[in-house]
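Have a look at the structure below, then the notes.
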Amino acid sequence: MEKVYDKKMKEILIKEKLDNGLHIYIFNKKGFTKQYAMVSVDYGSNDIEFIDVETGEKVRTPEGIAHFLEHQLFEDKEASIFDKFADLGASANAYTSFNSTNYLFSSTENFNKALINLLNFVQTPYFTDKSVNKEKGIIIQEIKMYQDDPYWRSLFNLLSGLYSTHPVKNDIAGTVESVSSISPEDLYLCHKNFYQPANMDLILIGDLNEEKIINLVKENQLQKSFSDIKTPVKVIPEESKTVNKKHVEEEMNISRPLVQIAFKDIETPSTPKEIIKKEYAVNILLDILFSRSSVRYNKFYEKGIIDSSFSSTYIRKEDYGYIHLYGESRETGRMISAILESLKEIEKSEIHEGFMRIKKKYLGNYIKMFNNFSSLAAEFINYRRLGIDIFSLMKIIDEIKIEELYGYADILFNEDLMVESIVKNKQD
Amino acid sequence: MDNFKFEKIKSKYSIHYLATDKFKTNLIQIYFMLPLTSWSEAAMNALIPAVLIRGSNRFPESRIIKTELKKLYGAGISFSVLKRGENQLLRFSLEYVNENYLDENINLSRKSFELLSDLIFNPLLEEKKFVEKYYLQEKKNQIENINSLINDKYNYAVEKCFQNMCKDEKYGIYKLGDVKSLKENSCEELYNQYKKIKSSARSSVFMVGDFKKSFISNVFDEIKLPSTDDIIDNFTDKTVPEREVQYITEEMSVNQAKLTAGFRTGITRDMEEYYALLVVNSLLGGFSQSKLFQEVREKRSLAYYINSFIESTKGLMMVSSGINPDNYVEVLKLIKEQIAAVVAGDFTDREFQWAKKSIINRLKQDLDSSKSLAAHYLLSVINDKPESIISEINNIKKVGRNDIMSTAEKIKLDTVYFLRSEE
C-alpha cells in the first residue's frame, strides 16, 4: 500500500495493486458524506476487434457490444442487481465510452456491502437468450432516442467523415442491426477477454477506512478464480492519413442549423506524457484562438455568426486525435468561411499574449477538478491509463513551451484534413 | 460547521450563508424574484441578465470580462432564469477557487465579487439606456434559445405538457417568454424594466464556502440590493381546477415518441404532506426501482426511460417517458394503474423502504456540493419554510405507509401530451 499526500491540494491518495492484477485507488476525503466507487474496465466501444486470449485468434464482434455488455451485467441469476443496491440505499449506474466501461455507485451508508455487490456483479457474467432479447428492446429505444439528438447525430456524421476504418466512427450503442445480432456467446467471449482484474481499476472516493477496505477487496478477489491473467490485444485497424468524407449533411426537425468542424490530427506523440502535453498544448491554443476572451470569438459573436453555443476542443487519444469546433448558426456558410479565413491569420503576438494569461485558468480548473467525485474519478482514470499521476498534471502543463503552440498553429489547421458536418432544418 | 445549516447574516438584506471549508471553491449567488404576469414581461425579464453580462462601466466588453476572469484563476460568472411556482427568478452566480489553495495572495473573493456586482448594478449605458448593440444581439440570441427548445425533445415534451396544462394560469408562461413579444420590445423599455427590478424586486444572496469575516462584513455595505424583502413566494395560485382530463397529440418527425402526463398534487413544500409526496414520487418514478421504471421498462421493455418529478411551489407532478408510438395506450394505462396501486397500498414494504432510502441518499449527497446545498435551500426559502437537509431527512423518515396512500389519492391526472412521428 502506498500513501500519497499532496500538500497543495490537501488530498490523500492510497494506491494498491493486488496479486490478481487489480489496481485500487482511494481518495480519502475527510468530512464528506458521499461515498463513491467506480470499477473502470479498459474496454470501450472502439474495441470491437481483438485477439482472443484463449484461442489466439483475431475476432470481430458486433458494434455496440461493450455497451450491451454493460447493460447485461446488471442481470443476475437470483436477484436484480439494482434491488441489492436499493436495499443498501445506494444507487448504481454505469456508462460506456469509446475507450472504457465504467460501473459505479454512490452511497451515504453501507459502503462496504455495496462495494462487494459492485465487484460481484461486474465479475460474474450471467447471460441468457431471454435476458439478451429483452435488453435488445431497451437498447433499440435508446439508439432511437439518440437519433433524435441533433448534436449526437452530427457528431457521428463528423466522425464518419474523419475516419474510414477507425471504430471511433461507430455510435457507442451500435446500430439497430448490430445490436439485434448480439448473442449470449458473444457477451461471454468479451467478458472473458476484457473483464480480467488486470484490465480493471477500482477507484474509491469518500471518508473511508482504506486498510479495512483493501482487505475486504483482497478477500473478495481471493474467492474468485480468473481464467487467465493475460489481457487481450486490441486490434485497431490502420487508419488512413486522409479524411473519408469532407462534407456530411443531414436534415432534422430542429430550430436552426448545427455545424461541427474537425481537423484530423495524424501525428500521434510517442509517449504518454507527450500525449497529455499535446492534449493540453492544443487545448490552450484553441482557448487562445476561440474562447470567450479571444478576439475571434467576440468578432464572430458581434457579427451574429456564432452564439454562446460555440465551443472548441482538441481530442487526443493514443490512437486518434482531432480538433473539434461546434456551433449553431443560421448562416453555416458564413460561419465556416469566417473561421477558416481567421485561421489563416494567426499572429504569434496573439498566441504570446494569450499564453501569458492562461496558466492561472488551468490551475483554477485543476483545483476545481477535485471538488466533484464523479469527474475526479473519470479524469483520474483517463490519466492513470496513460500512466500519468494526476498530481503531476500541473507540472506537465507548466512544461509546455510557447514554441510548441506556434508549431501546432502552423500544422494542425490543415484544410485537406478538415471535415464539416451540418444538420439543417427540415423546413428550410 | 458540520451541520450544514444556512444562517442568516445580520444585514439589512437577506443573506443566507453556509460556512464550510470542505469545498475547493466558494459560491455566491444573487437572486431576484419576479412574479410571472405576462408572456411579454417574462420575455423582457429573461433578457435583462443576458444584456447585463455583456458589459459594465468598469468592464465594458465580454473580452475584458473574460480576460479578467482568467486572471482570477478561471473564476466563473453565469446567470440563469428559473421558474419556481408562478415566479421567475433571475440568478447570478459566481464560483471561484478558495484562496487557501493558491500561492498568490490576490484577494480573490473581493476582486471577483466586485466584477459580479459591477455587472449587475453598474451596467454600461448609452443615451441613458442599455447599449443598443448588446440589446439587439442578446435579443436575437434569446429568440434562438426559445426556438431551440424543440431540439431537445425530452424537455420540449415536458414544457409543452405544462404549458397546455396551465394555459389559463400564470404557470403556463414559459420562463423565457415568447418570440413575438420579444421582437416588439425596445431597448428603452428593457432598461426601464431593469430599473424597476433594481428598485423593487425581492432579492437575496446565497453564499456557500469559506469566506473571510472582513470580506463578508465589507461587501454588503457596498452593494445595493433592491429590497430588504427575502425571495418568498406569496403570488402563486395553488388552486386545483376541477375538470376533465385533456388529451393532446402533436406530430413531428421523431424517432422516439414522448408521452408526458401532467398531474395536480395540490401539495406544496410548506405543507405537512410534502414529505409523503416526496416518497410517493420516488415510489412511482423517482429512481430505477420505482414502479413505473420496473413495470414499463424492466418488465415490458416499453420505454428507454420513464420517470416522474414534482414541482413543489405550485403543486404539480409530471411523468415523462420515451416510447414507441404504438405503445401509447398501454403505457398510459400502466401509468394510471401504478398510481392506483400506490393509493390502494399495493406496494411491498421493501419498495416502500427503497423509495425512502433513495431520496435520503440523494439528499445526503447534496451535502457534498455547494450548488446542490444552495438549490435545496433556495426552494425552502421561496416556500417560506427554511429547512436544512438534515431536518428534511428526519421528516422523510417519519413518513408511514398510510401517509403515502392518502397523499397519492390527492394526485389528479390533468393533461396528457403526446409527441409522436407523423402517421
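Is it the case that some residue within segment B:350-365 is more than 12 Å from chain A (Cβ to nearest Cβ) and part of a helix (DSSP H, G or I)?
Let us first name the residues in segment B:350-365 that are more than 12 Å from chain A (Cβ to nearest Cβ), namely none.
Checked segment B:350-365: no residue is more than 12 Å from chain A (Cβ to nearest Cβ) and part of a helix (DSSP H, G or I).
Condition first: under 27 Å from the mean Cα position of the chain (by Cα) and either among the hydrophobic types (A, V, I, L, M, F, W, C) or closer than 29 Å to residue A:328 by Cα (or both). Now tell me which residues in segment A:395-415 satisfy that.
Hits for segment A:395-415 are A:396, A:397, A:400, A:405, A:408, A:409, A:411, A:412, A:413, A:414, A:415.
For residue B:403, state whether it is more than 14 Å from chain A (Cβ to nearest Cβ), buried (at least 20 other Cβ atoms within 10 Å of the Cβ) and either at pLDDT 95 or above or within 28 Å of the chain's Cα centre (by Cα) (or both).
Values: more than 14 Å from chain A (Cβ to nearest Cβ): yes; buried (at least 20 other Cβ atoms within 10 Å of the Cβ): no; either at pLDDT 95 or above or within 28 Å of the chain's Cα centre (by Cα) (or both): yes.
Considered against the rule, which asks whether it is more than 14 Å from chain A (Cβ to nearest Cβ), buried (at least 20 other Cβ atoms within 10 Å of the Cβ) and either at pLDDT 95 or above or within 28 Å of the chain's Cα centre (by Cα) (or both), residue B:403 comes out as no.
Listed residues A:130, A:136; which is more than 14 Å from residue A:67 (Cβ to Cβ), in a helix (DSSP H, G or I) and of a type outside the set (S, T, N, Q)? Step through it out loud before you land on a result.
Details: A:136 fails: more than 14 Å from residue A:67 (Cβ to Cβ).
Checking each option against the conditions leaves just A:130.
Residues that are away from every other protein chain (no Cβ under 14 Å), surrounded by fewer than 21 Cβ atoms within 10 Å (Cβ to Cβ) and in contact with a helix residue (DSSP H, G or I) (Cβ under 6 Å, 6 or more places away or on another chain): does segment A:250-267 have at least one?
No, segment A:250-267 contains no residue that is away from every other protein chain (no Cβ under 14 Å), surrounded by fewer than 21 Cβ atoms within 10 Å (Cβ to Cβ) and in contact with a helix residue (DSSP H, G or I) (Cβ under 6 Å, 6 or more places away or on another chain).
Would you tally the residues in segment A:34-90 being within 14 Å of chain B (Cβ to nearest Cβ) and either among the hydroxyl-bearing types (Ser, Thr, Tyr) or touching a Cys at 6+ places or on another chain (Cβ under 7 Å) (or both)?
2
Of the residues that make up segment A:338-349, is at least one in contact with an Asp or Glu (Cβ under 6 Å, 6 or more places away or on another chain) and surrounded by 13 or more Cβ atoms within 10 Å (Cβ to Cβ)? Walk me through it before giving the result.
Looking only at segment A:338-349, we keep the residues that are in contact with an Asp or Glu (Cβ under 6 Å, 6 or more places away or on another chain), and these are none.
No; the residues of segment A:338-349 include none that is in contact with an Asp or Glu (Cβ under 6 Å, 6 or more places away or on another chain) and surrounded by 13 or more Cβ atoms within 10 Å (Cβ to Cβ).
For segment B:293-309: of the residues being more than 11 Å from every other protein chain (Cβ to nearest Cβ) and surrounded by fewer than 23 Cβ atoms within 10 Å (Cβ to Cβ), which is farthest from the chain's Cα centre (by Cα)?
Pass one, segment B:293-309, residues more than 11 Å from every other protein chain (Cβ to nearest Cβ): B:295, B:307-309.
The next check asks that each one be surrounded by fewer than 23 Cβ atoms within 10 Å (Cβ to Cβ); those that pass are B:295, B:307, B:309.
Numbers: B:295: 29, B:307: 18, B:309: 12 Å.
It comes out as B:295.
Looking only at segment A:340-398, which residues are closer than 30 Å to residue A:414 by Cα, of a type in the set (Ser, Thr, Tyr) and within 14 Å of chain B (Cβ to nearest Cβ)?
Scanning segment A:340-398 gives a single hit, A:362.
For segment B:40-97, which residues satisfy the criterion of being more than 15 Å from the chain's Cα centre (by Cα), within 23 Å of residue B:208 (Cβ to Cβ) and aromatic (Phe, Trp, Tyr)?
B:73, B:96
Is there a residue being touching a His at 6+ places or on another chain (Cβ under 6 Å), in a strand (DSSP E or B), under 27 Å from residue B:361 (Cα atoms) and assigned by TED's automatic domain parsing to the domain that holds residue A:184 anywhere in segment A:81-97?
Scanning segment A:81-97 turns up at least one residue that is touching a His at 6+ places or on another chain (Cβ under 6 Å), in a strand (DSSP E or B), under 27 Å from residue B:361 (Cα atoms) and assigned by TED's automatic domain parsing to the domain that holds residue A:184.
Return the pair list, or none, for Cβ contacts closer than 7 Å from residues in segment B:145-156 that are over 16 Å from residue B:46 (Cα atoms) and within 7 Å of chain A (Cβ to nearest Cβ) to residues that are part of a loop (DSSP other than H, G, I, E, B) and of a type in the set (Ser, Thr, Tyr), at least 6 apart or on different chains.
B:150/A:255; B:151/A:255
In segment A:294-313, what residues are buried (at least 19 other Cβ atoms within 10 Å of the Cβ) and not in a strand (DSSP E or B)? Reasoning before the result, please.
Filtering segment A:294-313 down to residues buried (at least 19 other Cβ atoms within 10 Å of the Cβ) leaves A:294, A:296-297, A:300-301, A:305-307, A:310, A:312.
If the condition is that a residue be buried (at least 19 other Cβ atoms within 10 Å of the Cβ) and not in a strand (DSSP E or B), then A:294, A:296, A:297, A:300, A:301, A:305, A:306, A:307, A:310 are the ones that fit.
Would you check if there is a residue in segment A:334-355 being part of a helix (DSSP H, G or I) and under 26 Å from the mean Cα position of the chain (by Cα)? Let's see the steps before the verdict.
Going residue by residue through segment A:334-355, those that are part of a helix (DSSP H, G or I) are A:334-344, A:348-355.
Next, only the ones that are under 26 Å from the mean Cα position of the chain (by Cα) stay: none.
No, the conditions are met nowhere in segment A:334-355.
Quick check on segment B:335-359: of everything there that is surrounded by fewer than 21 Cβ atoms within 10 Å (Cβ to Cβ) and aliphatic (A, V, I, L, M), which residue is farthest from residue B:307 (Cα to Cα)?
So, considering only residues that are surrounded by fewer than 21 Cβ atoms within 10 Å (Cβ to Cβ) and aliphatic (A, V, I, L, M), the one farthest from residue B:307 (Cα to Cα) is B:344.
Looking at segment B:17-37, which of its residues are under 18 Å from the mean Cα position of the chain (by Cα) and not β-branched (Val, Ile, Thr)?
Matches in segment B:17-37: B:27, B:29, B:31, B:32, B:33, B:34, B:35, B:36.
Can you tell me which of (1) in contact (Cβ under 8 Å) with a residue 60 or more places away in the chain; (2) within 14 Å of chain A (Cβ to nearest Cβ) is the one residue B:336 doesn't meet?
(2)
Go through (1) touching a residue at least 60 places away in the same chain (Cβ under 8 Å); (2) in contact with a Gly (Cβ under 8 Å, 6 or more places away or on another chain); (3) within 25 Å of residue B:215 (Cβ to Cβ) for residue B:41 and report which single condition fails.
(3)
The values are calculated or read from the model by the stated rules, or taken from the named source; none is laboratory data. All values reported here derive from a predicted model rather than from experimental measurement. Glycine gets a Cβ as well: all are built from the backbone with ideal geometry, and neighbour counts include every protein chain shown.
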